[in-house]
Structures are given as structure tokens and as C-alpha cells.
There are 2 protein chains.
Amino acid sequence: MYEGAIADLIEALGRLPGVGPKSAQRIAFHLLDAEPAEVQQLARSITEAKERVRFCGECGRATENDPCSICTDVRRDPSVLCVVEESRDVIAIERTREFRGRYHVLGGAISPIDGIGPNDLRVTELMQRLADGVVVEIILATDPNLEGEATASYLARMLKDMDLSVSRLASGLPVGGDLEFADEVTLGRAFAGRRTLG
Amino acid sequence: MYEGAIADLIEALGRLPGVGPKSAQRIAFHLLDAEPAEVQQLARSITEAKERVRFCGECGRATENDPCSICTDVRRDPSVLCVVEESRDVIAIERTREFRGRYHVLGGAISPIDGIGPNDLRVTELMQRLADGVVVEIILATDPNLEGEATASYLARMLKDMDLSVSRLASGLPVGGDLEFADEVTLGRAFAGRRTLG
């Protein structure tokens with residue numbers, strides 16, 4: 001139905017994650033109506049991010065500086081390492097202001113169905129980082145889903161014989177949520193992990 | 001939390017319609033992980049669409065050719081004009097294959113709350129198109145919401161004294177929908193517009 005440049009744009013937008021055909025169309029027409037400067041800004045942001053962003057050789061997260069600002073921050077505790085799946089998980093944890101150690105980004109999770117095994121993740125790099133004995137505690141902060149749990153179990157087994165404290169993030173009811181709307185797995189976890197009060 | 005080019009990209013993406021902060025982040029990281037060729041393709045599509053797409057001087061829809069392929073199609077009936085709000089409405093109607101006349105894109109709808117009055121729409125252009133008497137039927141296909149109804153009423157009043165057949169698209173239950181999930185306004189319209197069978 002659409003022709004030429006509009007069709008190309010809708011198709012390119014529709015390939016983005018979470019952008020269906022309707023949203024792609026809506027965004028395309030928004031761009032056609034928008035100020036040229038705003039549109040140029042978007043196109044430039046895409047190109048520049050792609051050109052300038054690399055991965056930190058230390059923790060593996062997406063950053064413009066290698067090593068990244070967290071890995072080079074001397075105020076952070078180098079003895080605690082939080083292992084996450086993706087760069088965006090680092091940002092999510094940083095927002096909590098609960099963690100002052102460093103990170104290791106795996107670049108995904110073990111998922112046999114997607115053909116992703118431990119060798120596709122930054123596991124060797126993790127082992128290399130542990131070699132000098134500086135890290136004494138590891139927090140496995142992979143996602144609380146099938147793939148994340150499998151990855152955490154795999155890593156826990158690998159780290160078992162090393163002299164490290166290994167922990168996993170707590171599962172339970174989301175704060176501010178409603179008990180009756182929690183799925184049964186989450187509710188089951190919340191029971192299993194219940195804390196004694198007082 | 002994000003820095004430099006990543007932050008700029010997430011911000012630029014977050015300004016798109018229907019793209020919240022979470023989606024913007026997800027799209028940004030997708031682009032950082034994607035093949036450079038795919039990313040360049042997206043940036044180029046955006047720039048090219050913006051450069052090449054103009055508005056048809058006749059019907060007002062977004063197109064690369066002025067006049068557009070519909071306005072120049074001699075197989076289409078020039079006596080019937082379908083008035084819509086936006087270019088994407090033309091595509092939606094074309095998909096039905098129910099309409100073989102031509103279009104007039106208003107470029108929006110009357111919306112006092114957004115400060116959009118008849119003078120901000122292509123109403124004068126519509127009147128100019130009607131001047132030669134070729135068009136004998138007008139279908140008002142503005143959206144079935146407050147703004148679209150107001151626009152249709154306004155146009156119906158303007159066209160009242162001209163020798164034209166003016167109609168409005170039917171409102172009613174969506175095909176394939178479930179009666180119990182229909183909102184009361186739609187259901188009310190479906191009753192009011194009920195057809196006698198047999």
C-alpha cells in the first residue's frame with residue numbers, strides 16, 4: 001500500500017523490538033510531520049551511538065569509555081562483583097543505589113532453545129577476572145526467569161569450589177504490587193523466602 | 001544514568017509517539033547490538049523519507065509523487081470524494097478495496113482543546129476541489145471520536161446547500177469483536193444503526 005521511502009521507513013521501524021506494524025506506521029507519519037531538525041537529530045543519534053559506543057573490556061557493558069566509568073571508579077568496592085545478563089541491567093541496579101561493587105555483564109543467558117550456551121556468554125572473562133583473588137563475593141543477578149535461573153545455576157556450580165561467597169537476588173512479591181495479582185510462581189517464592197519479623 | 005551517545009539515543013527515541021522510556025531503552029540496546037548495515041539502513045530510511053516525501057497538491061496525502069498515484073489514476077471515479085483526517089487513513093481505506101473514488105486529506109480534525117480549528121485544516125482546498133462540479137458525492141470518513149464527529153458535523157453544515165450527496169461512515173460493533181466487550185457508546189450506535197434483515 002505504501003510506496004517508496006515511506007514504505008522503506010515503516011519497514012525499517014517495524015524491525016525494531018516492540019514496534020509492530022501499527023506503531024511503525026504511527027512513528028513514520030510522526031517523523032514526516034515533525035520538524036526537520038528533530039528528525040535529523042534522531043538519525044544522527046542512531047548513527048553516533050552506533051559509532052561511538054563500544055563495550056568495556058573489563059565488565060563488558062556498553063559504554064563510550066573503555067574501561068568504563070564504573071570499572072575505573074576507585075570509590076567502588078572491587079571485592080564484590082554483581083553478574084548480570086545485559087548492560088541495561090547495570091543501569092537498573094545502579095538506580096537502586098544499593099550496590100557499590102562492580103559488575104560483570106554476561107551478554108545474555110543460557111537458552112538451549114535459542115542455541116545460546118555458556119560459551120556464547122562472557123563466562124571465560126568472568127573466570128579471568130576472578131583469577132587474582134581480589135573478588136571475594138559474587139551476586140548472581142541474572143533475570144528471575146528460566147534462562148536466568150539456568151545461567152545462575154550453571155555459574156553457581158562453576159564457582160562452588162572457589163573460595164567465594166555466592167548469592168542470588170531474592171525473588172518475591174514486587175513492592176507496591178497487589179498480592180492477588182501475583183502469579184503463583186512469584187507467590188510461591190515469596191512464601192519460600194519469607195522473613196521472620198521482630 | 002546513561003551517558004553520552006546512549007543517553008542521546010534513548011532520549012531521541014523516547015520522543016517518538018508510543019515509545020516510552022523502557023521501549024526507548026530496549027530499542028537503543030537492540031540497535032547497539034544490531035549489524036551496522038541494519039542500523040545505517042534505519043538512519044538512512046529516516047533521512048530519505050523526510051527528504052523525499054511531500055504532500056500531494058491535490059488530495060494532501062503524504063507521497064513521493066505530486067500529484068499522487070491515486071489522484072492520477074484514471075480508473076478511479078472522480079465524482080466520489082472520501083474526506084479523511086490523515087494520510088494513513090487513506091491507506092486503511094485502500095486496504096478494504098471497498099472504495100474506488102478519490103480522497104481529500106484534511107490534515108487533522110477540529111479540536112478546540114488542542115487549538116485546532118477549521119482554518120488549520122485543508123477545508124479551503126476541499127471547497128476549491130468542489131468548485132468545478134465534478135464531485136457529486138462526499139463520504140465523511142473522519143475518526144469516530146469527538147474530534148472526528150465535530151469535524152464531520154462542521155463539514156456537513158458547510159456542504160448542506162451544495163448539490164451533493166453527503167454521507168458518514170457507519171458506527172457499530174467491530175466485526176469479529178465480542179458484544180460484551182463493546183463500550184456502551186459503540187453498542188448504543190450499533191442499536192441506533194440496526195439494519196432490518198430479510
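Laboratory data are not the source of any read-out in this text; all were calculated from the coordinates shown. Just so it is clear, the structure is predicted and the values come from calculations on it, not from any experiment. Heads up, the Cβs are rebuilt from the backbone with ideal geometry, glycines too, and the neighbour counts pull from every protein chain shown.
Key figures
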item: For the stretch A:71-79, 3J(HN,Hα) per residue [Karplus equation, 6.51 cos²θ - 1.76 cosθ + 1.60, θ = phi - 60°, Hz, x = Gly/Pro]; result: 5, 9, 7, 6, 6, 8, 6, x, 8
item: Neighbourhood charge, 14 Å Cβ-Cβ cut-off, centred on B:ARG54 and excluding it, Lys, Arg +1 and Asp, Glu -1; result: -4
item: Size of electric dipole in the protein assembly as shown: Cβ of Lys, Arg +1 and of Asp, Glu -1, about Cα centre, debye, nearest 20; result: 280 debye
item: Amide N of the stretch A:120-157 lying under 20 Å from the label point, which is placed 7 angstrom from the Cα of A:ARG195 along Cα→Cβ; result: A:138-142, A:144
item: Simple Cβ-charge dipole of the stretch B:1-44, Lys/Arg +1 and Asp/Glu -1, about Cα centre, in debye nearest 20; result: 220 debye
item: Charge tally in the Cβ shell below 14 Å around B:GLY188, where Lys, Arg are +1 and Asp, Glu are -1, B:GLY188 excluded; result: -1
item: Percentage relative contact order, chain A, counting C-alpha pairs under 8 Å, at least six apart; result: 13 percent
item: Charge sum, other residues only, whose C-beta stays under 10 Å from B:ASP114's C-beta, Lys/Arg counted +1 and Asp/Glu -1; result: -2
item: Helical mean residue ellipticity (222 nm; -39500 (n - 2.57) per DSSP H run of 4+; nearest 500) of the protein assembly as shown; result: -13000 deg cm²/dmol
item: Closest-to-axis residue of chain A (Cβ criterion, axis taking A to B), whole Å; result: A:ALA43, 2
item: Among B:PRO21, B:PRO112, B:PRO144, residue whose mean-square fluctuation peaks in a GNM of chain B (springs only between Cα atoms under 10 Å); result: B:PRO21
item: Euclidean distance of C-alpha centroids, the stretch B:76-139 and the stretch A:1-75, integer Å; result: 35 Å
item: Other-chain or far-sequence residues with amide H under 5 Å of B:CYS82's (modelled H); result: B:ARG102, B:TYR103, B:HIS104, B:ILE139
item: Tensor-based shape of the stretch B:4-52 (alpha-carbon gyration tensor, a/c under 1.5 rounded, otherwise prolate or oblate); result: oblate
item: Karplus 3J(HN,Hα) series, Hz, for the stretch A:159-174 with 6.51 cos²θ - 1.76 cosθ + 1.60 (x for Gly, Pro); result: 8, 3, 8, 8, 7, 9, 8, 10, 10, 10, 4, 5, 9, x, 6, x
item: Label point 7 Å beyond Cα along the C-beta direction, distances from B:ASP161 to other copies (nm, shortest first); result: 9.7
item: Rounded to the nearest 20 debye, dipole of the stretch A:1-123 from Cβ charges on Lys, Arg, Asp, Glu; result: 420 debye
item: Three-way shape label, the stretch A:77-168, alpha-carbon gyration tensor, a/c 1.5; result: oblate
item: Fluctuation leader among A:ILE46, A:ILE116, A:ILE70 - chain A, Gaussian network, Cα springs under 10 angstrom; result: A:ILE46
item: Under the Karplus curve 6.51 cos²θ - 1.76 cosθ + 1.60, θ = phi - 60°, whole-Hz ³J(HN,Hα) for the stretch A:54-60, x wherever Gly or Pro sits; result: 10, 10, 5, x, 8, 8, x
item: Label geometry 7 Å along the beta-carbon vector: B:ARG52 inter-copy distances in nm; result: 3.0
item: For B:THR72, inter-copy label distances in nm, listed shortest first [label point 7 Å out on the Cα-Cβ vector]; result: 5.7
item: In degrees, nearest ten, helix A:36-52 long axis to first principal axis of chain A (Cα); result: 40 degrees
item: Burial ranking of peptide ranges A:164-176, A:75-87 (average Cβ count within 10 Å, highest at the top); result: A:75-87, A:164-176
item: Rg/Rg_ref, the protein assembly as shown, where Rg_ref = 2.2 N^0.38 Å and atoms are Cα; result: 1.33
item: Rg(Cα)/(2.2 N^0.38 Å) for chain B, N = residue count; result: 1.29
item: Order of A:ASP89, A:ASP120 under a 10 Å beta carbon neighbour criterion, fewest first; result: A:ASP120, A:ASP89
